[in-house]
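A quick write-up on the structure given underneath.
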Amino acid sequence: MPAGGEGRRGVVLSDRQRLSWLRLIRSDNVGPATFRDLINHFGSAETAIEQLSELSRRGGAARSIRVASIDDAERELAATQRFGAQLIGIGEPDYPPALRRIDGAPPLISAIGDLTLATQTSVGIVGARNASVSGAKMAARMARELGVAGYVIVSGMARGIDAAAHRASLDQGTIAAMAGGLDQPYPPENLELYNEICSGKGLALSEMPMGWEPRARDFPRRNRLIAGIGLGLVVIEAAQRSGSLITARRAADFGRLVFAVPGSPLDPRAAGTNGLLKDGAIVTTESRDVIDALAPSSQLISRDDPILEETGDDDALPASEPAENDRARIIEALGPSPSEIDDIIAHTGVDPATVYLVLLELDLAGRLHRHPGGMVSLAFDSP
């Protein structure tokens, strides 16, 4: 049985730091990877914010980027608190420890419900929205049994398999990853279930601001949360090209175990899960298959995992402008195909700190694409 809460470690942000982190992640062209690089380079979010406009100008931005104001951040923080939720930084003790380790982990998440669930060992369960009766029954049975075995169940609040897994795991512990703001649950028919989760029977998490209505492009972002929070992912009924398969791919990218429940070749809802099995997913017909396979993975959450924290302005690297020939060599080395940053450093012979700084400039100017695995490419379609 997995031990709950073993991964609870970190450094609590001050109110001033939390506000600066919120301003930084809500500013234009600052995603999770850019946020981390900015903190690592400048030592604090507050210092990084002061440099955003200059960095984007040096990167060739056509116009000044929008930097989130103190008023904007204070309004969002107040709205979060009015809803009964709180913002948790990636380096804080209540941040899900397995999620902290993934590529592109959100620097800040909002949370409402039972925060003790965030640091317990979790398993994701996802599947078809138009689930069959047997598929929903299987999801509920596995969720209950995995819960009894000590695992918190993570899913995405969708109708069908997700809802069945959440309902069945309310007593043992369930986490709902949301595509929109915490005050914008979707779909409407799961509102009663969502309210139960938020009331403390479970935990709801989102990286989007309050008031954000979920759009189609927000669901893959939500799927990565499901894949990252759990140590494994169980897929029950999934059509080809479904969101569940996107979640499964992300889970595999993160080094998680992927489990698939086989289905009839005549049922389109089984095409995706059967395809996962052909690609090496673990055949799953009962919860014991998951429990036995995950037992050796308990060491994934380590007390030695790196935690992003501010070092303070005294340790920050200067933002002096790189030599023009260095910048030219770095941009020349980039292309439309993703490259590893270490390869760029080796190819150009430019100091690593300078390479990272130029990449930050290009990123903030909207001229850089970031890819899984920390790879980057030049955005030739940008102005």
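The values are calculated or read from the model by the stated rules, or taken from the named source; none is laboratory data. Being a predicted model, the structure only gives us computed values, none of them experimental. Here Cβ is always computed from backbone atoms with ideal geometry, including for glycine, and neighbour counts include all displayed protein chains. Accessible surface is based on the protein model in full, side chains and every heavy atom, while ligands, DNA and RNA are left aside. Shrake-Rupley method; radii C 1.70, N 1.55, O 1.52, S 1.80 Å.
Details
- Under Karplus coefficients 6.51, -1.76 and 1.60, residue-wise ³J(HN,Hα) of the stretch 271-284 in Hz, glycine/proline x: 4, x, 5, 5, x, 4, 5, 5, 8, x, 5, 7, 4, 10
- Largest-first ordering by accessible area, 1.4 Å probe, given options D351, D15, D326, D162: D15, D351, D326, D162
- Radius ratio Rg over Rh of the stretch 137-179, counting only Cα atoms, Kirkwood formula for Rh: 0.93
- Of I153, I175, I331, the one that fluctuates the most in a GNM where the chain has Cα springs shorter than 10 Å: I331
- Percentage relative contact order, the chain, counting C-alpha pairs under 8 Å, at least six apart: 20 percent
- In terms of packing, defined here as the mean over residues of other Cβ atoms within 10 angstrom, the peptides 229-239, 124-134, 284-294 line up highest first as 229-239, 124-134, 284-294.
- Expected 222 nm ellipticity per residue - DSSP helices of 4 or more, -39500 (n - 2.57), all of the chain, to 500: -11500 deg cm²/dmol
- All-pairs alpha carbon distance profile, the stretch 33-77, 5 Å steps from 0, percent: 5, 21, 23, 26, 19, 6, 1
- Loop-located trypsin sites (Lys or Arg not before Pro) in the stretch 4-63 (DSSP state not H, G, I, E or B) with no more than 13 neighbouring Cβ atoms inside 10 Å: R63.
- Distance distribution note for the stretch 193-245: the fraction of Cα pairs above 16 angstrom is 58%.
- Counting all C-alpha pairs of the chain, share separated by more than 34 Å (%): 31 percent
- Under the Karplus curve 6.51 cos²θ - 1.76 cosθ + 1.60, θ = phi - 60°, whole-Hz ³J(HN,Hα) for the stretch 89-102, x wherever Gly or Pro sits: x, 4, x, 8, x, 8, 7, x, x, 5, 5, 4, 8, 7
- Translational D in µm²/s for the stretch 79-138 (Stokes-Einstein at 20 °C, 1.002 mPa s, Kirkwood Rh from C-alpha pairs): 155 µm²/s
- Calculated log₁₀ intensity ratio I(q)/I(0) where the Debye formula runs over C-alpha points of the stretch 70-112, q = 0.21 Å⁻¹: -0.71
- Degrees separating the helix 15-25 axis from the principal Cα axis of the chain, which is the longest one: 90 degrees
- Selected from S44, S20, S264 as most flexible by GNM, with the chain as the system and alpha-carbon contacts under 10 Å: S264
- In terms of packing, defined here as the mean over residues of other Cβ atoms within 10 angstrom, the peptides 213-225, 358-370 line up highest first as 358-370, 213-225.
- With the highest mean first, a sort of the peptides 202-209, 372-379 on other beta-carbon atoms found within 10 angstrom per residue produces 202-209, 372-379.
- Heavy-atom accessible surface of the chain, averaged per residue, reaches 44 Å², computed with a 1.4 Å probe.
- In the stretch 141-232, Rg over Rh equals 0.94, where Rg is the alpha-carbon radius of gyration and Rh the Kirkwood radius from pairwise Cα distances.
- Here the chain exposes an accessible surface that is 49 percent carbon and sulfur, computed with a 1.4 Å probe and the other protein chains kept in place.
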